[in-house]
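Heads up: the structure comes next, in structure tokens.
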Amino acid sequence: MTNIYKHILKSKVENYKLLAILLDPDKIVWEDLDNLISKINQSPATHIFIGGSLVETNILDELILEIKQNCDLPIVLFPGNPSQISDKADAILFLSLISGRNPDYLIEHQVKAAPILRKTNLEIISTGYMLIESGTETAVERISKTPPLDRNNLDLALATAQAGEMLGNKLIYLEAGSGAKQAVPLEMIRLVAENIKIPLIVGGGIVDLQGIQKAYDSGADLVVIGTAFENDIDFFNQNM
């Protein structure tokens, strides 16, 4: 699988909305993996994201290879640190936590990852990652030691996204965090989407299909579903 970013760009131009299912390796139950993959194949997902804030297991390569045996969707790494890199995936979101000011997540982890990535054939997609206040402390906030952006400060969110675009990021990712009580505000999605030219990813706190559609309608080009699918693999069978 190549040119994943080119496909995301093309989809944006054609207003074709994308959907990623986020899998956390720490939460995979191997005995249920076949059923999980089957449910992904039956879903409207266009991508699989793999990663998490912590990831304590060392099964990343094995997990990706197992998924690829039974699923044709592109697999994109969504790493919390350089240890979560696998050359078995198709691409990696090269994240910079631009909403925070912890240098480890702005550049230090990226410096450590660069020599590793140079030895792989992974498609590297630079991504400005923005953590948005969601009503609870998320794993991203706890581990990165960076506060989220105020969900009511739309001007700051917009300026941060625009700065990420100006720095050369290929994607902007608005993230409420895993298990968030509140999703990213629709007005924030709309404001950012209308004022950047690069594709916009939105994730965290979306608990039903209506939430996905609302994010799309507000301007999200790609929506990420993680916890809701983890908790109910029949998530996509619900009625609108």
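The values are calculated or read from the model by the stated rules, or taken from the named source; none is laboratory data. As the structure is a computational prediction, the values presented were derived from the model and not from experiment. When we count neighbours, we look across all protein chains shown, and the Cβ atoms used for this are built from the backbone with ideal geometry, even at glycine. Ligands, DNA and RNA are stripped out before the accessible areas are found, and what is left, the full protein with its side chains, is counted by its heavy atoms. Shrake-Rupley method; radii C 1.70, N 1.55, O 1.52, S 1.80 Å.
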With the contact rule set at Cα under 8 Å and sequence spacing of 6 or more, what percent relative contact order holds for segment 1-112?
-> 22 percent
Which labelled figure in (i) 18.1, 55; (ii) 16.5, 47; (iii) 17.0, 53 is Rg and Dmax of the Cα atoms in Å, once derived from the coordinates | (ii)
Can you give the accessible area of TYR129 in Å² (nearest 10), computed on protein heavy atoms with a 1.4 Å probe?
-> 20 Å²
What's the carbon and sulfur percent of the chain's accessible surface, probe 1.4 angstrom, rounded to a whole number?
-> 50 percent
When Lys and Arg each count +1 and Asp and Glu each count -1, what net charge do the other residues less than 11 Å away from ILE64, Cβ to Cβ, add up to?
-> -3
Sequence of ASP232, ASP90 when ordered by accessible area, the most exposed leading, probe 1.4 angstrom = ASP232, ASP90
Given H placed on each backbone N at 1.01 Å, which residues far from PHE94 in sequence or on other chains put an amide H within less than 5 Å of it?
-> ILE125, SER126, THR127
Among the trypsin sites (Lys or Arg not before Pro) within segment 123-188, which fall in a DSSP loop and have no more than 14 other Cβ atoms within 10 Å of their own Cβ?
-> LYS145, LYS181
Taking a probe of 1.4 Å, how large is the accessible area per residue of the chain, in Å²?
-> 48 Å²
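Order 196-207, 30-41, 93-104 from most to least packed using the mean count of other Cβ atoms within 10 Å.
196-207, 93-104, 30-41
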